[in-house]
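S.K.: Below is a structure I'd like to ask you about.
The values are calculated or read from the model by the stated rules, or taken from the named source; none is laboratory data. Just so we're clear, the structure is a prediction, and the values are computed from it rather than from any experiment. Positions of Cβ are generated from backbone atoms using ideal geometry, with glycine treated the same way; all protein chains shown enter the neighbour counts. Ligands, DNA and RNA are excluded from the accessible area calculation, which covers all protein heavy atoms including side chains. Shrake-Rupley method; radii C 1.70, N 1.55, O 1.52, S 1.80 Å.
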Amino acid sequence: MNLWSIIPLVSCISFTILFLSVLPQTKKRIEKVFSIFLFTSMLWSFTAFMLLYNTTASSHYLIFWNGLVITAIPLAVVTYYHFVRAYNNKTTGKGVYIGYAMVSTIFVLSLMGYVVKDAYFIDNLLYHDIAPWDYIIAAILIPFLTLIILMLRKRFYSSVDPVDRNRTSYLIVGWSLLVVISYITPFTPALKTLPIDHIGNLINALIISYAIFKFNLLNIQIIFRKVLTYTIVIVALFGITTALVFLSSGFLIGLPTISRIIIISSMAILIGILARPSIQFVAKIIDYLFFRKTYDYRRDLLEFNRKMRHILNLDELAHEILPAMAKAINTTSASLILQDSSTGNFETQYTYPVENIQENEVEINKLNFDADSSIIHWMDKKGSPLNPNQIDIIPEFRGLWQSEKEKIDNSNIGLLYPFKSRDKLIGIFALGKKKNNSIFSHEDIELITSIANQAGVIIENAQLYTHAKIRANTDGLTGLYNHRHFHERLDQEITRDSRFGGTFSLIMIDVDLFKSYNDIYGHLAGDQVLRKVAEYIGSSIRGIDMAFRYGGEEFTVVLPEANIEDAYKVAERIRKTIESKTSSKAMPITISLGVANWPNDGVMKEEIVGRADAALYRAKQKGRNRTCISTEVFKPETSLIGAELESNPKALSIIYALAATVDAKDNYTYGHSRKVSEYAIAIAEALKLPADRINNIRSAGLLHDIGKIGVPDSILNKNASLNFDERELIKGHPELGVEILRHVIDLVNCIPCILHHHEHFNGGGYPAGLSGDNIPIEARILSVADAYDAMISPRPYRKQLSSQEALDELIRCAGMQFDPKIVDIFIKIIQKSNVDLVEYDDPR
């Protein structure tokens, strides 16, 4: 064997490995053309090896293989030119076809014996007579060699991507060395007979290999892992099979043929059964060896769809995917950019690490894009990943604002990857730069692509769920949290502070004279007032505070970790803000506020709400447009709370707790008990009843429907007429209420009023059929107040009446259902419009 043949042999093996690695990935044009170049380089090296291997071969043999070598040289140059055109995103071009035509001509002439006239070995060195074809071929190839260098040079200087420039520089260096060595060899006497040109070809192959692995020109790692996996499994199974055959050979000889066939077949089946789990097992081990620290995170991402498809909480979804993605790909950060439903802009809503911290001296900044940003349009159209370094070379970004470019440059983002659902851009994964300063590999991109393809639908579903949840917790008019969510958050706050020993305060807010404003300016104007009040409340509180629309013209604010003095300051800030913002209007808007604190004013939800509500009512009584705290409610000058309740505040807590329970039964009658209580107190004061009886009426008004606790919600909320059985069940609620209250000693004086408030003046009511003055006066008062508020409030089973229509109905039924004297007094109260209670006439 000629030792000089080792040089083209090593070169041939190198190109063969590259070719076999690239061949399974030939999907894109550049990959296909590159595989052709590798194949022709392999042929060149192989023909040279065959030429140099046998120094004793015949002259005919040497002329034949020498002719093939002469053909392979220009073929390698032309295919490399073809590859460089594809690398520069150029079409094939006429030059490529001309080059292939010339190579074909040389090949034919070689076979005919016109190129190599003679070839022989002297001292293992090859000599041949190819004149003048050495000069002709050199002249033919010079244009291609020049164009290759010029195109690579142009690519290098026009690219602003450092990765692309480095990759191109390696291709330039490799090709330049090959050209220099190949052209020096024929014209240097000492080297003329040596295969030095193949050393240049081998160097080029090694440089290309390095560029592939370092700069991910092609993804060879996956193929290598698969080849390694199958090689290990095949070798192992072959070894097992051989061992089994060797060990059982002596045993099988003495068995019948059929038995040997069965045993051998069973062994083959066993080996086949072991093949699949063996491949999976070995693949896991190899993947672990390749990825080591990131292996578990990559496995989690590959199982993304199975693990995440049932998660509808967007916070939980982001918490699961972003850390796994950052750790699997070894980036400094991972962020989720989603479209804001209100502005349409794409904003960073979730980031890992959570805080804007510095890690390895790299600061993590958030990226936001306007809805009309050219980057958003490009990602929506292309659906492809974007490296920030590419922005300056993509034509669509030429009009990008300099400020937006600087924002991206300062973000330390290494890759932006969009994801879609039903061809609509849902969001963007913003991945930080890799910790080892390497570039994103093909496998990284494929992993992100796999996640993005699944994430679109999953994240869109989570967004829809989140938006539905927000709508369910949000008041449609003001945009604040609604009444239902208020109770949820209040329960959560009490639970949290009970566990950790914290405190919080509650502010209840009511818009003064809102009924009058509605009557004068109309309900649309009233809606606008409520929106503005909500806006001013939101602008006057801290970020951790929560504002709610409690119902109608009432609002609440929960202030975590705030004592009552701090809450008072916030309440006053809200009051003064609204007063100053609306002072220029023809009818200025003011509010009254009540403040309570947990746990100083009670540990139960009903207690804290009741104390804040009582403070609010106190503010109303003192003239409106003011703030009262809960401790003011129990002062001696308070006319609505007598000595009995003042001496025993536990009774008041019970009243509020039970009243809140009644209100929670039916959204339609929310606030009904409180309004009835206030109407009834106004009537009692007009009749100049004693203070203790007023107190009884107040409590009875709050608790008159307590018996409805035992009525199913399906009956209370039924939007059609009740049948006989359902009506009888409803009629039983006064007696059920008495059964509940008779165990509360502080409330026994309320029982007659609650029991008989559905009696009719003509004796046609229930439950006892009392008439005239036999009905307790407290019950007659409560009957009018209850009927009026019920008529002006919305119900699922009938149309809401206006205030005047309700008063007309009271007049019509006076003497039959209602006490005429009490009806007259109540009508005068409403018509004067100078009592706070009429504010609650607003249907909202």
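S.K.: Under 6 Å between Cβ atoms, at least 6 apart or on separate chains: pull out the pairs that start in the range 622-634 with a residue that is part of a loop (DSSP other than H, G, I, E, B) and end on any residue that is surrounded by fewer than 18 Cβ atoms within 10 Å (Cβ to Cβ) and among the acidic types (D, E).
M.R.: These pairs meet every condition: F634/E646.
S.K.: How many residues does the range 327-371 hold that are at pLDDT 85 or above and either open to solvent by 70 Å² or more (accessible area, probe 1.4 Å) or closer than 19 Å to F440 by Cα (or both)?
M.R.: Total satisfying the criteria: 9.
S.K.: Here's another thing I want to ask about it. Please work out which one of (1) part of a loop (DSSP other than H, G, I, E, B); (2) modelled with pLDDT of 80 or more; (3) exposed (fewer than 14 other Cβ atoms within 10 Å of the Cβ) is the condition V160 fails and give its number.
M.R.: With respect to (1) part of a loop (DSSP other than H, G, I, E, B); (2) modelled with pLDDT of 80 or more; (3) exposed (fewer than 14 other Cβ atoms within 10 Å of the Cβ), V160 is out only on (2).
S.K.: Same structure, new question: So V103 passes all but one of these: (1) in contact (Cβ under 8 Å) with a residue 60 or more places away in the chain; (2) over 52 Å from the mean Cα position of the chain (by Cα). Which condition number does it fail?
M.R.: For V103, the failing item is (1).
Each row is one residue, and each column tells you yes or no for (1) open to solvent by 50 Å² or more (accessible area, probe 1.4 Å); (2) in a helix (DSSP H, G or I).
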residue: R698; (1), (2): no, yes
residue: D725; (1), (2): yes, yes
residue: E728; (1), (2): yes, yes
residue: C753; (1), (2): no, yes
residue: G763; (1), (2): no, no
residue: V784; (1), (2): no, yes
residue: Y788; (1), (2): no, yes
residue: D808; (1), (2): yes, yes
residue: R812; (1), (2): yes, yes
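S.K.: Can you tell me which residue within the range 82-119, out of those that are of a type in the set (A, V, I, L, M) and within 13 Å of M151 (Cβ to Cβ), is modelled with the highest pLDDT? Walk me through how you get there before you give the answer.
M.R.: Going through the range 82-119, the residues of a type in the set (A, V, I, L, M) turn out to be 84, 86, 96, 98, 101-103, 106, 108-109, 111-112, 115-116, 119.
From what's left, within 13 Å of M151 (Cβ to Cβ): 84, 86, 96.
Working: V84: 89, A86: 88, V96: 92.
Looking at residues that are of a type in the set (A, V, I, L, M) and within 13 Å of M151 (Cβ to Cβ), I get V96.
S.K.: Just wondering, is there one or more residues in the range 820-831 that are farther than 30 Å from G769 by Cα and either surrounded by fewer than 19 Cβ atoms within 10 Å (Cβ to Cβ) or modelled with pLDDT of 75 or more (or both)? Please lay out each step first, then the result.
M.R.: We begin by selecting, within the range 820-831, every residue farther than 30 Å from G769 by Cα; these are 831.
Still in the running and either surrounded by fewer than 19 Cβ atoms within 10 Å (Cβ to Cβ) or modelled with pLDDT of 75 or more (or both): 831.
Within the range 820-831, one or more residues are farther than 30 Å from G769 by Cα and either surrounded by fewer than 19 Cβ atoms within 10 Å (Cβ to Cβ) or modelled with pLDDT of 75 or more (or both).
S.K.: If a residue has to be open to solvent by less than 30 Å² (accessible area, probe 1.4 Å) and either under 27 Å from the mean Cα position of the chain (by Cα) or on the phi > 0 side of the Ramachandran plot (or both) to count, how many in the range 491-522 make the cut?
M.R.: Selection size over the range 491-522: 2.
S.K.: Does any residue in the range 57-76 that is more than 18 Å from L145 (Cα to Cα) come within less than 8 Å, Cβ to Cβ, of a residue that is of a type in the set (S, T, Y) and open to solvent by 40 Å² or more (accessible area, probe 1.4 Å) six or more places away or on a different chain, and which pairs are these?
M.R.: Filtered contacts from the range 57-76: S59/Y120; L62/Y120.
S.K.: Taking the range 561-610 only, how many residues are open to solvent by 10 Å² or more (accessible area, probe 1.4 Å) and outside any loop (DSSP other than H, G, I, E, B)?
M.R.: Qualifying residue count, the range 561-610: 19.
S.K.: Now for a different question. Do the conditions hold for A615, that is, is it more than 41 Å from the chain's Cα centre (by Cα), of a type outside the set (V, I, T) and assigned to a helix (DSSP H, G or I)? Quick ask: steps written out before the conclusion?
M.R.: Numbers: more than 41 Å from the chain's Cα centre (by Cα): yes; of a type outside the set (V, I, T): yes; assigned to a helix (DSSP H, G or I): yes.
It is true that A615 is more than 41 Å from the chain's Cα centre (by Cα), of a type outside the set (V, I, T) and assigned to a helix (DSSP H, G or I).
S.K.: Can you confirm whether L801 is on the phi < 0 side of the Ramachandran plot, over 57 Å from the mean Cα position of the chain (by Cα) and either open to solvent by 60 Å² or more (accessible area, probe 1.4 Å) or without any contact (Cβ under 8 Å) to a residue 24 or more places away in the chain (or both)? It would help to see each step written out before you state the result.
M.R.: Details: on the phi < 0 side of the Ramachandran plot: yes; over 57 Å from the mean Cα position of the chain (by Cα): no; either open to solvent by 60 Å² or more (accessible area, probe 1.4 Å) or without any contact (Cβ under 8 Å) to a residue 24 or more places away in the chain (or both): yes.
No: the conditions fail for L801.
S.K.: Looking at F397, F419, F429, which one is over 16 Å from A452 (Cα atoms) and open to solvent by less than 50 Å² (accessible area, probe 1.4 Å)? It would help to see each step written out before you state the result.
M.R.: Numbers: F419 fails: over 16 Å from A452 (Cα atoms); F429 fails: over 16 Å from A452 (Cα atoms).
After applying the criteria, what remains is F397.
S.K.: Identify all residues within the range 215-235 that are open to solvent by 50 Å² or more (accessible area, probe 1.4 Å) and either more than 30 Å from Y170 (Cα to Cα) or at pLDDT below 70 (or both); write none if there are none. Give the steps one after another, and end with the answer.
M.R.: Filtering the range 215-235 for residues open to solvent by 50 Å² or more (accessible area, probe 1.4 Å) gives 221, 224, 226-228, 230-232, 234-235.
Once the filter is applied, which keeps residues that are open to solvent by 50 Å² or more (accessible area, probe 1.4 Å) and either more than 30 Å from Y170 (Cα to Cα) or at pLDDT below 70 (or both), the range 215-235 yields Q221, F224, K226, V227, Y230, T231, I232, I234, V235.
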